[in-house]
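Heads up, the thing below is written out as structure tokens.
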Amino acid sequence: MESVRLIYEQIEEAKRYLLGCSLLQVRLALILLDNAAELLMCRELQHEFALNDGWEPEWEPARTEWIRAGLGPKYTDEERKNSTRNSNPS
């Protein structure tokens, strides 16, 4: 819930900056909106990973067959690791 509040506050502050109409305030609004978008993408990735983890079989022979059948996630383990490293909200 804390991240939702952070996103909301950033959007509201960006709105206030955009109403100021100076070049500096527009740039600050863009930075805040970019950060809010990154936080939203991070939340969505966490949700997608948790959903896929819930459907993935835990023991190895079933997991390999599950992936081979095309039921696995549409991303590789390396892509997942890179996305979580690049979108860490802290």
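Of note, Ala69 does not satisfy the criterion of being within 25 Å of Ile11 (Cβ to Cβ), without any contact (Cβ under 8 Å) to a residue 60 or more places away in the chain and either in contact with an Asp or Glu (Cβ under 6 Å, 6 or more places away or on another chain) or loosely packed, with under 10 Cβ neighbours inside 10 Å (or both). Condition check: among the aliphatic types (A, V, I, L, M) and free of Cβ contacts under 8 Å to residues at least 24 places away in the same chain. Does Leu6 satisfy that? For Leu6, the condition - among the aliphatic types (A, V, I, L, M) and free of Cβ contacts under 8 Å to residues at least 24 places away in the same chain - is not met.
Residues that are closer than 19 Å to Glu2 by Cα and of a type outside the set (Gly, Ala, Ser) number at least 2 in the following helices (runs of 4 or more DSSP H) confined to the range 14-90: 23-55. When restricted to residues that are farther than 30 Å from Tyr75 by Cα and either of a type in the set (Gly, Ala, Ser) or exposed (fewer than 12 other Cβ atoms within 10 Å of the Cβ) (or both), the range 13-50 contains 9. Listed by first and then second residue, the pairs linking a residue in the range 14-32 that is charged (D, E, K, R) to a residue that is surrounded by 12 or more Cβ atoms within 10 Å (Cβ to Cβ) and assigned to a helix (DSSP H, G or I), with Cβ atoms under 9 Å apart and 6 or more places separating them unless they lie on different chains, are Lys15/Ala29; Arg16/Gln25; Arg16/Ala29; Arg27/Tyr17.
Values in this text are rule-based calculations from the coordinates and carry no lab data. A quick note: this is a predicted structure, and the numbers were derived from the prediction, not measured. Ideal geometry is used to build each Cβ from the backbone, glycine not excepted, and the neighbour counts take in all protein chains shown.
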